[in-house]
Amino acid sequence: MKSSKVTLFLAIIASLIFASTVMAGGLGLTPYGFVKGDMVYATKGVLSFNNANLSAPQIASGVDNAALGFTAQHTRFGLKGSVGEDVKVGGKIELDFYGGGFNSNVNPRIRLAYAWMAMNNFEVRFGQQWDIFSPNNAATNNTNGNMWYAGNRGFRRGQIQFIYKMAMEGLNPKMQLSIGEAAKEAAGLGADNNAAMPMVQGRLSAKLMDKHVVGVYFVYAKFSPDPDTSDYDYNASGFGLDFNLPFNKMLALKGEVNMGTNLNNCNLFNIAGSHSNFIKDDDRKSLGLWLNAIVKPSDKLHAVLGFGMDKNQTDDLAAGNIEQNMVVYGDLIFPFEHGFSIAAELQSITTSIKDGDDNSALIFNVSGKVTF
């Protein structure tokens, strides 16, 4: 309890120091974010980041017990701003309050924190940012779940990212390349990046008719197993396609499809699992797919229908491992005045076990949110 308060205090102080420093240089930061409270009910047990709680339900555990929770930990707060004309500089810092489960004393956590400079069509960013691999976020009410373990992969990490935009009428191509932190584990295979090589991510995208975005992306990372138990190099790699297609007010489609090997070792979430025993050729392979449709029949009613699938394609998958995870969800969102909205979501999860029974769970979520 005491450590949580100290951590929160230090985070607030750091944010204020950051804000006052950049403002002194002419960069005015604007606050943004949302305050969100959730009630979540699950008919059966679910797993979230290998914990038996409902903070980000993505895998049905097979436990028959129902569960109910209330939380405000999805709340987020950020500061962002820029200054300059021919040469622009800016920064962003964003915090949330994730703690796992429904603990009322959750700790603040850095989501984003990076500085950037842009000149002409070129931009460079230093700090913690979203991955280039699997860049889209699903329109689910489970904002801390984000379709992870159901087709979505991308997370956030420390990196240097380079962005180049090409001016072409009706197309607007964009190239992104990053070098960043590859390791997931603090010890063992990751061992704080003992391979001494950064993860490399790249993406080529195009913005069609100033609104439709389609991109292709890849990732590669190298790890160093324990030299006392292994004499080979261990790698993670993957590629995929993303799209965001706002056709009109009545219909917008967003989604991704991707596949890769050993992606969990570098915090790209999938059910194929982490490699921890350094057995040669024992690679974890996965296929991910997710899609959601957003319909806005009126300013006072929005609806979302989504689907996600994460398939474990590991060769000779052993019995008892998760073979496939599938999620179907629907939302009704009711926007009111001044950024306030109420949303209700029903989510169905089916998790298939190799040579075992399927697990299933229904999750009902109601939230109230105000955006600023």
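Is there a residue in segment 111-123 that is in contact (Cβ under 8 Å) with a residue 60 or more places away in the chain, out of contact with any helix residue (DSSP H, G or I) (no Cβ under 7 Å at 6 or more places or on another chain) and not charged (D, E, K, R)? Don't jump to the end; show me each part of the working.
Step one: filter segment 111-123 for residues in contact (Cβ under 8 Å) with a residue 60 or more places away in the chain, giving none.
No: zero hits.
Does S367 fit the bill of being assigned to a strand (DSSP E or B), free of Cβ contacts under 8 Å to residues at least 40 places away in the same chain and either within 23 Å of V40 (Cα to Cα) or not small (G, A, S) (or both)? Don't jump to the end; show me each part of the working.
Numbers: assigned to a strand (DSSP E or B): yes; free of Cβ contacts under 8 Å to residues at least 40 places away in the same chain: no; either within 23 Å of V40 (Cα to Cα) or not small (G, A, S) (or both): yes.
Against the criterion (assigned to a strand (DSSP E or B), free of Cβ contacts under 8 Å to residues at least 40 places away in the same chain and either within 23 Å of V40 (Cα to Cα) or not small (G, A, S) (or both)), S367 does not qualify.
Filter segment 153-178 down to the residues that are under 19 Å from E94 (Cβ atoms) and either crowded, with 18+ Cβ neighbours inside 10 Å or without any contact (Cβ under 8 Å) to a residue 60 or more places away in the chain (or both) and list them by number. First the steps, then the outcome.
Residues of segment 153-178 that are under 19 Å from E94 (Cβ atoms), as a first pass: 154-161, 163, 178.
If the condition is that a residue be under 19 Å from E94 (Cβ atoms) and either crowded, with 18+ Cβ neighbours inside 10 Å or without any contact (Cβ under 8 Å) to a residue 60 or more places away in the chain (or both), then G154, R156, R157, G158, Q159, I160, Q161, I163, S178 are the ones that fit.
Report the residue count in segment 315-348 for those that are of a type in the set (S, T, N, Q) and buried (at least 19 other Cβ atoms within 10 Å of the Cβ). Break it down into steps so the answer makes sense when it comes.
Step one: list which residues in segment 315-348 are of a type in the set (S, T, N, Q), which gives 321, 324-325, 341, 347-348.
Subset that is buried (at least 19 other Cβ atoms within 10 Å of the Cβ): 325, 347.
Looking only at that region, the number is 2.
Report every pair of residues separated by at least 6 positions or lying on different chains whose Cβ atoms are under 6 Å apart, first residue within segment 277-297 and on the phi > 0 side of the Ramachandran plot, second modelled with pLDDT under 95 and assigned to a loop (DSSP other than H, G, I, E, B).
Matching pairs, first to second residue: F278/P225; F278/T229; F278/S230.
In segment 44-61, is there at least one residue being closer than 29 Å to K165 by Cβ and either β-branched (V, I, T) or in contact with a Phe, Trp or Tyr (Cβ under 6 Å, 6 or more places away or on another chain) (or both)?
Initially, segment 44-61 is screened for residues closer than 29 Å to K165 by Cβ, giving none.
Within segment 44-61, not a single residue is closer than 29 Å to K165 by Cβ and either β-branched (V, I, T) or in contact with a Phe, Trp or Tyr (Cβ under 6 Å, 6 or more places away or on another chain) (or both).
In segment 143-158, what residues are out of contact with any Lys or Arg (no Cβ under 8 Å at 6 or more places or on another chain) and at pLDDT 90 or above? Steps first, answer last, please.
Narrowing segment 143-158 to residues out of contact with any Lys or Arg (no Cβ under 8 Å at 6 or more places or on another chain): 144-155, 157-158.
Matches in segment 143-158: N146, M147, W148, Y149, A150, G151, N152, R153, G154, F155, R157, G158.
From the list A343, A303, A272, A361, pick out the single residue that is under 21 Å from the mean Cα position of the chain (by Cα) and either in a strand (DSSP E or B) or under 30 Å from F70 (Cβ atoms) (or both). Full working, then the answer.
Working: A303 fails: under 21 Å from the mean Cα position of the chain (by Cα); A272 fails: either in a strand (DSSP E or B) or under 30 Å from F70 (Cβ atoms) (or both); A361 fails: under 21 Å from the mean Cα position of the chain (by Cα).
When all the criteria are applied, what remains is A343.
The values are calculated or read from the model by the stated rules, or taken from the named source; none is laboratory data. The shown structure was predicted, so the numbers you read here are calculated from the model rather than taken from an experiment. In this analysis, Cβ positions are derived from the backbone assuming ideal geometry, glycine residues included, and neighbour counts consider all displayed protein chains.
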